[in-house]
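The values are calculated or read from the model by the stated rules, or taken from the named source; none is laboratory data. Small disclaimer: the values here were computed from a predicted structure and weren't measured. Note that we place each Cβ from the backbone using ideal geometry, even for glycine, and neighbour counts take in every protein chain shown. Protein only, heavy atoms only, side chains kept; ligands, DNA and RNA dropped before computing areas. Shrake-Rupley method; radii C 1.70, N 1.55, O 1.52, S 1.80 Å.
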Amino acid sequence: MSKADEIFISNMRDILKNGVWDTELDVRPKWSDGTPAHTVKKFGIVNRYNLREEFPILTIRRTYFKSCIDELLWIWQRKSNNIRDLNSKIWNQWADADGSIGKAYGYQLGVKHKYKEGEFDQVDRVLYDLKHNPASRRILTNIYNFADLHEMNLYPCAYSMTFNVSGDTLNGILNQRSNDMLTANNWNVVQYAVLLIMFAQVSGLKVGELVHVIADAHIYDRHVPVVEEIIEMPRLAAPKLEVDPNIKNFYDFKVDSFKLADYKCNEKKYDIPVAE
């Protein structure tokens, strides 16, 4: 059974059994019919994924791998904030008439900052430090820029990534302020596992552990029946991730540079509304 399945099921059962409902509060998110989108949540969930042992993708529900990678590259490689540079529609509801989501996500990663070594954006600074300063405890990115929040169509959920080299191994911590567990939890895990793998490969390092820290891990009220069904699905073996070993430059990765071998999963399609 996939260890990602085990972690996901444990999280979901814990939230459903021990979580706190916000039904008495005035909440910002709404369903498409205008009804408040309430949640049941747990505070401060921490999950660990050993990427040497297994690639952390769910089998109890399909995670659309290529779309995950495309969005990851849109943010981290293209550093775009325009949905016209993205090959899926997952950001459409937050985009303006020109396709922009404001000064969010990729925009923040692409802003250049001055250092004594020169001028870098956040991604290139990480790449530089992994090669030249692997002992540094300052290798991180942060896209929760308070000065620009008013110009973001959606505040960043997964907002900070900290990288740490231990010997010849690259580990990372993903900090997330909010996680819609059914819609986005494994999506985010898959993306940042791949990001860690990409950075390790181009830096001549081995990949180690991804730690996922979630401040507000929640299940929306209209998602509960789907969650209850999914966590009872048969659990299968995790697939193997194959990465083009010839790529040595981060900006040379493409969606087709990655392949899941033997990905078997629950193929049922669920009608999962997204709160806005």
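Within the stretch 225-239, the residues that satisfy the criterion of being within 23 Å of Leu16 (Cβ to Cβ) and either surrounded by 14 or more Cβ atoms within 10 Å (Cβ to Cβ) or among the hydroxyl-bearing types (Ser, Thr, Tyr) (or both) are Val226, Val227, Glu229, Ile230, Ile231, Met233, Arg235, Leu236. The set of residues from the stretch 201-212 being under 14 Å from Asn50 (Cα atoms) and open to solvent by less than 20 Å² (accessible area, probe 1.4 Å) comprises Gly208, Leu210, Val211, His212. Pairs are defined by a Cβ separation below 9 Å, a sequence spacing of at least 6 or placement on different chains, a first member in the stretch 90-110 that is over 20 Å from Val274 (Cα atoms) and open to solvent by 20 Å² or more (accessible area, probe 1.4 Å), and a second member that is of a type in the set (A, V, I, L, M) and part of a loop (DSSP other than H, G, I, E, B); the pairs so defined are Lys103/Val111; Tyr107/Ile101; Tyr107/Ile143. Filtering Ile143, Ile139 for residues that are more than 18 Å from Thr169 (Cβ to Cβ), of a type in the set (A, V, I, L, M, F, W, C) and in contact with a Phe, Trp or Tyr (Cβ under 7 Å, 6 or more places away or on another chain) leaves a single hit, Ile143. In the set Thr63, Thr35, only one residue is in contact (Cβ under 8 Å) with a residue 60 or more places away in the chain and of a type outside the set (Lys, Arg); that residue is Thr63. Exactly one residue out of Lys268, Lys259, Lys248 is open to solvent by 70 Å² or more (accessible area, probe 1.4 Å) and either small (Gly, Ala, Ser) or part of a strand (DSSP E or B) (or both): that is Lys259.
Say we look at the stretch 27-55 and pick out the residues that are within 14 Å of Ala275 (Cβ to Cβ) and loosely packed, with under 11 Cβ neighbours inside 10 Å; which of these is nearest to the chain's Cα centre (by Cα)?
Among those residues, the one meeting the criterion is Arg28.
Checked against (1) open to solvent by 10 Å² or more (accessible area, probe 1.4 Å); (2) touching a residue at least 12 places away in the same chain (Cβ under 8 Å), Leu73 passes all but condition (1).
Does Ala4 fit the bill of being among the small types (Gly, Ala, Ser), surrounded by 13 or more Cβ atoms within 10 Å (Cβ to Cβ) and either touching a residue at least 40 places away in the same chain (Cβ under 8 Å) or not in a strand (DSSP E or B) (or both)?
So Ala4 passes the test.
Taking Ala275 as the residue in question, decide whether it is of a type outside the set (Ser, Thr, Tyr) and in contact (Cβ under 8 Å) with a residue 40 or more places away in the chain. Yes.
All of (1) assigned to a loop (DSSP other than H, G, I, E, B); (2) touching a strand residue (DSSP E or B) at 6+ places or on another chain (Cβ under 9 Å) hold for Gly204 with one exception: (2). For Val227, the test of being under 20 Å from the mean Cα position of the chain (by Cα), of a type in the set (A, V, I, L, M, F, W, C) and not in a strand (DSSP E or B) is passed. Scanning the stretch 159-199 for residues that are among the β-branched types (Val, Ile, Thr), crowded, with 20+ Cβ neighbours inside 10 Å and either closer than 28 Å to Val227 by Cα or modelled with pLDDT under 95 (or both) yields a total of 3.
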